[in-house]
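Novice: Sharing a structure, written as structure tokens. Questions coming.
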Amino acid sequence: MKKERIIIQAFLLVLIAFGIHPAWAHVSFQCPCLDDPAAQNVVKANGNIECNIGARNIACKHISAGDGFALMADRTAAEPSELYIFGFHDVTYLYPPNGVYATKAEADAAVQGDGLLAAETSAPTINASETQEFYLTLSTVPMVMRPDLFDSHTVHFHGFPNAATVFDGEPMVTFGVNQGASLTYYYNLAGRGGTYLYHCHFEATEHMQMGMLGNLFIRVAKDTGVAPNRFAYNDTDNSTRFDVDFPVSVISFDPRFHDADQSIQPLPFADMLDTYPLFNGRGYPDTINPNFLPVPQQKIDERAARGFTTDPVTHSSQKLPSKITATAGQKILIRLSSVATVDLYTISAGGLPMQIVGKDAVIFRGRGAAGGLPLYQTVNSVNIGGGESYDLIIDTAGIAAGTYFLYSTNLNELTNEFQEFGGMMTEIVIQ
Amino acid sequence: MNTLMKRKSLLIGVVLLLVLSVSPVAGAYDIPGVTGPAFSLTTGKGHITTGDGNSVYMWMYGVQGGTAQYPGPTLIVNQGATVTINLTNTLPVPVSLVVDGIAVTATAVSGTALPGVLTKEVPADNGATTVQYQFTASQPGTYLYHSGTNPPLQVEMGLLGVIIVRPSGFGPAPNRTAYGDADSAYIHEKLFLLTDMDIRVHDAVQKGNYTNIDFTDYRDVYWFINGRTLPDTLSAAGAPWLKYQPYDALVLMNPGQTILYRMVNASRDPHPMHTHGNHHHVIGRQARFLSAGAGADLSNNAFTTVVYPGDTVDAIMTWTGAGIGWDIVGHGDDVDNPPLGFSTGGAPGPEDIDNNNNGVFDTCAAQTLEPWEDPADHCKLFPLKLPGAQDLTFGQFYGGSPFLGALGALPPGKGGFNPWGGFFFMQHSHNEKELTNNNIFPGGMATFLVVIAPSTLIVE
């Protein structure tokens with residue numbers, strides 16, 4: 001098997017040597033904020049490039065898609081516990097304003113190299129407002145560790161109401177983006193505020209198990225962005241008001257599947273057994289680490305072998321902590337979504353009651369209408385299946401300061417593979 | 001992934017789409033089934049086909065004198081009716097019938113029934129005994145029926161089906177309702193009966209090795225909608241190559257129409273059912289209208305609804321493309337030459353939209369809105385440029401144009417399964433593991449909703 005891989009790699013080297021590879025690359029970031037001379041107030045905000053063009057509010061984001069590695073929480077000096085993954089990587093930071101490069105053309109040219117082996121899990125969080133039109137560009141980079149795979153990738157904006165197939169990202173009904181190419185998705189977000197999720201839909205069972213999953217939430221028009229005037233939905237009675245919000249993505253990995261993928265083995269779909277239950281791509285205690293996790297050594301080595309340096313910050317594979325902090329009296333909004341591919345999970349906040357105020361990006365009231373009968377429930381735990389989202393508010397008024405926990409009440413999931421007491425758990429710290 | 005295998009399996013999918021247009025019945029469609037209130041069922045055995053080409057031994061219900069089928073016949077009755085189901089048995093084991101959520105009485109009308117545990121049973125006597133199961137259909141909604149005899153084995157083997165109770169005053173199409181209330185009105189109706197399968201059980205039963213059956217290490221490898229796996233879910237209802245699997249799961253509607261999904265879970269695991277395209281509106285659960293008295297005032301919208309084992313969910317879905325930010329029909333665009341290759345496309349010509357047949361493109365201003373169309377988006381041009389064909393891997397259900405009802409050029413061998421220029425939206429279990437057929441992707445518990453341009457007649 002290794003011999004075959006060497007032959008394939010040699011074949012690709014020949015292609016590259018004859019200059020075929022560069023001809024495939026069509027990185028193209030369509031962003032009116034950078035393309036339209038009429039764009040005003042162009043800024044980097046919320047992980048996007050944002051601007052106004054006349055009365056239009058625009059947000060743009062550019063992500064790459066490829067393979068890479070992630071660190072599991074049971075790593076030791078002797079056993080680094082690096083898992084082979086597929087994932088997205090945020091390359092918006094390369095672009096002006098205040099980017100690594102002064103011009104869009106220079107940044108475009110750097111995307112393929114920056115994105116190589118740069119997969120992140122969970123994927124870069126998408127955070128936009130329903131007052132905006134959102135231009136999301138996906139650039140697919142080669143799969144370095146699997147040069148035999150000619151898989152394309154997509155972005156599926158999961159739950160987008162009244163979607164057009166061309167921007168739905170389901171490749172059987174439209175298309176996937178080939179390696180070396182770019183596609184820009186357009187989403188008019190008006191009237192679509194709420195908590196969603198996104199993932200790659202190309203060969204979805206494989207690409208999702210491999211890690212192409214992320215948080216996606218759209219702030220509602222009523223949300224001013226400044227506490228105390230922050231709202232999960234455009235309610236009429238301020239019942240979805242919150243002070244601080246945290247996206248929490250339920251993810252789970254089966255290391256045997258990831259190893260089989262890396263070593264070009266038949267993929268064990270029916271035998272998937274997720275033994276790394278994670279929040280935002282990390283197992284406890286990594287979940288409470290406020291920093292980006294270190295870059296996996298294999299990523300550094302494999303990038304170096306191809307002539308690319310690796311940045312210890314921007315090339316972290318796991319950038320999103322899930323430690324939840326608030327001051328007593330504040331209302332916490334947890335934007336909970338699940339992209340697990342095998343199991344349903346029950347998530348509890350221990351001693352803290354949670355109120356369900358939204359489900360699947362809709363206010364949790366009768367007929368999904370702001371004026372409908374409240375279906376809000378105060379719960380100790382919520383059961384969430386793959387592809388669902390919940391907006392949960394924890395009111396900390398009268399709650400004693402201290403450390404609480406958000407965790408899976410399927411207690412066998414509080415593990416990092418064989419290591420006990422880890423997994424799908426994080427802290428809620430009330431100061 | 002093995003894309004060769006993927007292509008092969010999807011090729012079959014297309015054949016079915018073509019076959020679909022052979023049995024035209026215009027207008028709204030209902031879930032096919034047998035209408036009551038008196039039913040005569042029997043049991044039978046046979047091999048069903050899975051999407052990867054496997055065939056699996058089954059025990060099934062069927063209409064007396066007809067063909068056994070997986071799932072069993074959908075039994076359709078009216079609210080208030082006294083329903084009788086006469087059951088005989090040709091299997092080597094006793095069988096019976098229970099309905100989740102309804103108290104059913106059982107009496108032998110000929111021969112001698114076995115006492116059973118959950119209900120009286122029909123012995124393995126090759127049809128000699130008839131047991132009559134009787135109940136009153138007091139509540140409209142969706143119900144699951146299945147064998148009450150050794151159900152872990154017999155339901156796995158295929159002895160299950162759905163009962164639909166129509167509300168009092170159920171009107172002719174298109175004035176359908178699920179619960180008699182205007183908030184449960186719909187035009188089309190589709191069943192999603194969800195099942196799973198461990199093929200080792202079926203092999204053991206076929207060989208008579210009952211002692212080899214072990215449910216403690218149950219390992220399901222197939223996941224079905226209406227007794228079929230993707231891509232067979234898309235094949236025409238009654239397709240002759242699916243002799244024992246008469247029910248399809250392809251969903252068709254025109255924009256602005258409504259479809260009622262009746263989702264039923266008869267498998268071991270919960271299934272989070274995700275609807276691409278739009279939210280669905282959950283109006284009923286377990287045959288109860290979600291109402292506190294003023295219509296569907298306890299309903300909610302969802303893009304994924306978990307259907308638990310034994311659960312039934314009634315949900316209504318529509319699609320208009322409202323608020324998409326561009327004209328989804330492409331009233332002002334060059335719809336047959338979409339902006340591929342990062343070009344802005346050409347100028348629209350008479351082949352695009354020429355309603356008055358004068359050989360000149362009707363300017364957007366001269367065109368009237370579709371009744372379902374969002375006026376705010378009318379005439380707004382496509383917002384960006386698409387990459388060239390060499391940059392994309394096209395799926396079989398793409399018509400070559402981003403606009404509804406339009407077709408565009410595709411590379412040779414690409415597309416082809418979408419002769420209407422419709423919008424295909426996947427409807428599937430979001431336990432992504434279940435999108436496989438015995439370790440082959442794609443497959444399993446998935447089907448498509450096709451939103452078809454209004455000019456195209458829906459045939460079912």
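The values are calculated or read from the model by the stated rules, or taken from the named source; none is laboratory data. It should be emphasised that the depicted structure is a prediction, and the values quoted were computed from it without experimental measurement. Virtual Cβ from ideal backbone geometry, glycine too; neighbours counted across all protein chains shown. Only protein heavy atoms, including side chains, enter the accessible area calculation; ligands, DNA and RNA are left aside. Shrake-Rupley method; radii C 1.70, N 1.55, O 1.52, S 1.80 Å.
Novice: Checking A:Asp237 against (1) among the charged types (D, E, K, R); (2) without any contact (Cβ under 8 Å) to a residue 40 or more places away in the chain; (3) within 25 Å of B:Asp377 (Cβ to Cβ): exactly one of these is not met. Which one?
Specialist: It fails just one condition, (3).
Novice: Might you let me know whether segment A:338-349 holds any residue that is over 21 Å from the mean Cα position of the chain (by Cα) and either surrounded by 20 or more Cβ atoms within 10 Å (Cβ to Cβ) or at pLDDT below 95 (or both)?
Specialist: Looking for residues that are over 21 Å from the mean Cα position of the chain (by Cα) and either surrounded by 20 or more Cβ atoms within 10 Å (Cβ to Cβ) or at pLDDT below 95 (or both), one finds at least one in segment A:338-349, hence yes.
Novice: Right, here's the next one. Give the residue that is least open to solvent (accessible area, probe 1.4 Å), with candidates limited to residues of segment A:89-105 that are touching a residue at least 12 places away in the same chain (Cβ under 8 Å) and touching a Leu at 6+ places or on another chain (Cβ under 8 Å).
Specialist: Result: A:Tyr95.
Novice: Shifting gears a bit: Give B:Ala106, B:Ala113 a once-over and let me know the one that is touching a Lys or Arg at 6+ places or on another chain (Cβ under 7 Å) and farther than 24 Å from B:Gly310 by Cβ.
Specialist: Residue meeting the stated conditions: B:Ala113.
Novice: Every residue in segment A:38-80 that is polar (S, T, N, Q), in contact with a strand residue (DSSP E or B) (Cβ under 9 Å, 6 or more places away or on another chain) and either closer than 22 Å to A:Phe150 by Cα or free of Cβ contacts under 8 Å to residues at least 40 places away in the same chain (or both), please.
Specialist: Kept after step one, since they are polar (S, T, N, Q), are these residues of segment A:38-80: A:40-41, A:46, A:48, A:52, A:57, A:64, A:76.
Narrowing further to those that are in contact with a strand residue (DSSP E or B) (Cβ under 9 Å, 6 or more places away or on another chain): A:40-41, A:46, A:48, A:52, A:57, A:64.
Of everything in segment A:38-80, those that are polar (S, T, N, Q), in contact with a strand residue (DSSP E or B) (Cβ under 9 Å, 6 or more places away or on another chain) and either closer than 22 Å to A:Phe150 by Cα or free of Cβ contacts under 8 Å to residues at least 40 places away in the same chain (or both) turn out to be A:Gln40, A:Asn41, A:Asn52, A:Ser64.
Novice: Related question: Going by the structure shown, is B:Thr305 within 9 Å of chain A (Cβ to nearest Cβ) and surrounded by fewer than 20 Cβ atoms within 10 Å (Cβ to Cβ)?
Specialist: No.
Novice: Checking the condition more than 26 Å from the chain's Cα centre (by Cα) and open to solvent by less than 20 Å² (accessible area, probe 1.4 Å), which residue from B:Val122, B:Val109, B:Val117, B:Val162 passes? Walk me through it before giving the result.
Specialist: On the way: B:Val109 fails: open to solvent by less than 20 Å² (accessible area, probe 1.4 Å); B:Val117 fails: open to solvent by less than 20 Å² (accessible area, probe 1.4 Å); B:Val162 fails: more than 26 Å from the chain's Cα centre (by Cα).
One residue alone meets the criteria, B:Val122.
Novice: Here is a follow-up. For segment B:386-460, give me every one of the strands (runs of 3 or more DSSP E) that falls completely inside it and has 1 or more residues that are more than 7 Å from chain A (Cβ to nearest Cβ) and over 17 Å from B:Thr320 (Cα atoms).
Specialist: Values: elements: B:392-394, B:423-429, B:446-451.
Correct list: B:423-429, B:446-451.
Novice: Something else about it: Quick one: which of A:Val220, A:Val177, A:Val173 is farther than 24 Å from A:Asp67 by Cβ, facing chain B (nearest Cβ under 7 Å) and open to solvent by less than 10 Å² (accessible area, probe 1.4 Å)? Can you show your working first?
Specialist: On the way: A:Val220 fails: facing chain B (nearest Cβ under 7 Å); A:Val177 fails: farther than 24 Å from A:Asp67 by Cβ.
Checking each option against the conditions leaves just A:Val173.
Novice: Within segment B:283-302, restricting attention to residues that are hydrophobic (A, V, I, L, M, F, W, C) and open to solvent by less than 10 Å² (accessible area, probe 1.4 Å), which residue is farthest from A:Ile363 (Cα to Cα)?
Specialist: Residue satisfying both the conditions and the ranking: B:Ala287.
Novice: Does any residue of segment A:191-212 turn out to be within 7 Å of chain B (Cβ to nearest Cβ) and open to solvent by 10 Å² or more (accessible area, probe 1.4 Å)?
Specialist: Yes, segment A:191-212 contains a residue that is within 7 Å of chain B (Cβ to nearest Cβ) and open to solvent by 10 Å² or more (accessible area, probe 1.4 Å).
Novice: If you go through segment A:276-289 one residue at a time, how many are surrounded by fewer than 24 Cβ atoms within 10 Å (Cβ to Cβ) and in contact with a Phe, Trp or Tyr (Cβ under 8 Å, 6 or more places away or on another chain)?
Specialist: 0
Novice: Looking at segment B:176-219 only, could you name the residues that are modelled with pLDDT of 95 or more, crowded, with 20+ Cβ neighbours inside 10 Å and in a loop (DSSP other than H, G, I, E, B)?
Specialist: B:Ala178, B:Tyr179, B:Asp198
Novice: Does A:Gln318 fit the bill of being surrounded by fewer than 18 Cβ atoms within 10 Å (Cβ to Cβ) and either more than 22 Å from A:Asp245 (Cβ to Cβ) or at pLDDT 95 or above (or both)?
Specialist: No.
Novice: For segment A:160-170, what are the residues that are outside any loop (DSSP other than H, G, I, E, B) and at the interface with another protein chain (Cβ under 7 Å from one of its Cβ atoms)?
Specialist: Passing the criteria: A:Thr165, A:Val166.
Novice: May I pose another question? List the number of the failed condition for A:Lys299; all other conditions in (1) more than 14 Å from chain B (Cβ to nearest Cβ); (2) open to solvent by less than 10 Å² (accessible area, probe 1.4 Å); (3) within 23 Å of A:Thr415 (Cβ to Cβ) hold.
Specialist: If we test A:Lys299 against (1) more than 14 Å from chain B (Cβ to nearest Cβ); (2) open to solvent by less than 10 Å² (accessible area, probe 1.4 Å); (3) within 23 Å of A:Thr415 (Cβ to Cβ), just (3) comes out false.
Condition check ((1) among the small types (Gly, Ala, Ser); (2) under 14 Å from the mean Cα position of the chain (by Cα)) across all residues:
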residue: A:Ser81; (1), (2): yes, no
residue: A:Phe88; (1), (2): no, yes
residue: A:Thr92; (1), (2): no, no
residue: A:Ala105; (1), (2): yes, no
residue: A:Ala110; (1), (2): yes, no
residue: A:Leu116; (1), (2): no, no
residue: A:Ala119; (1), (2): yes, yes
residue: A:Pro124; (1), (2): no, yes
residue: A:Ala128; (1), (2): yes, yes
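Novice: Okay, next question. Considering only segment A:1-103, give the helices (runs of 4 or more DSSP H) lying wholly within it that have at least 1 residues that are at pLDDT 95 or above.
Specialist: A:32-35
Novice: Could I ask something else about it? List every residue pair whose Cβ atoms sit under 6 Å apart, with the two residues 6 or more apart in sequence or on different chains, where the first one lies in segment B:122-149 and is within 19 Å of B:Arg285 (Cα to Cα) and the second, anywhere, is of a type in the set (D, E, K, R) and open to solvent by 40 Å² or more (accessible area, probe 1.4 Å).
Specialist: B:Leu144/B:Asp100
Novice: Are any residues in segment A:248-275 within 12 Å of another protein chain (Cβ to nearest Cβ), of a type in the set (Gly, Ala, Ser) and either more than 27 Å from A:Ile126 (Cα to Cα) or surrounded by fewer than 24 Cβ atoms within 10 Å (Cβ to Cβ) (or both), and if so, which ones?
Specialist: Within segment A:248-275, A:Ala260, A:Ala270 qualify.
Novice: Another question, if that's okay. Taking B:Ala173 and the conditions (1) in contact with an Asp or Glu (Cβ under 9 Å, 6 or more places away or on another chain); (2) more than 23 Å from B:Leu144 (Cα to Cα); (3) in a helix (DSSP H, G or I), which numbered condition does it fall short on, given that it satisfies the others?
Specialist: Among (1) in contact with an Asp or Glu (Cβ under 9 Å, 6 or more places away or on another chain); (2) more than 23 Å from B:Leu144 (Cα to Cα); (3) in a helix (DSSP H, G or I), the lone unmet condition for B:Ala173 is (3).
Novice: Restricting attention to segment B:368-388, and to residues there that are open to solvent by 40 Å² or more (accessible area, probe 1.4 Å) and among the aliphatic types (A, V, I, L, M), which single residue is modelled with the lowest pLDDT?
Specialist: Step by step, filter segment B:368-388, then rank; the result is B:Leu369.
Novice: Name every residue in segment B:87-110 that is of a type in the set (Gly, Ala, Ser) and in a strand (DSSP E or B), in order of residue number.
Specialist: Across segment B:87-110, the qualifying residues are B:Ala106, B:Ala108, B:Ser110.
Novice: Right, something else. From A:Tyr376, A:Tyr404, A:Tyr390, which residue is of a type in the set (Ser, Thr, Tyr), more than 9 Å from chain B (Cβ to nearest Cβ) and crowded, with 23+ Cβ neighbours inside 10 Å?
Specialist: The match here is A:Tyr390.
Novice: Hey, can you tell me all the residues within segment B:395-412 that are closer than 24 Å to A:Cys200 by Cα and open to solvent by 20 Å² or more (accessible area, probe 1.4 Å)?
Specialist: Across segment B:395-412, the qualifying residues are B:Gln396, B:Leu410, B:Pro411.
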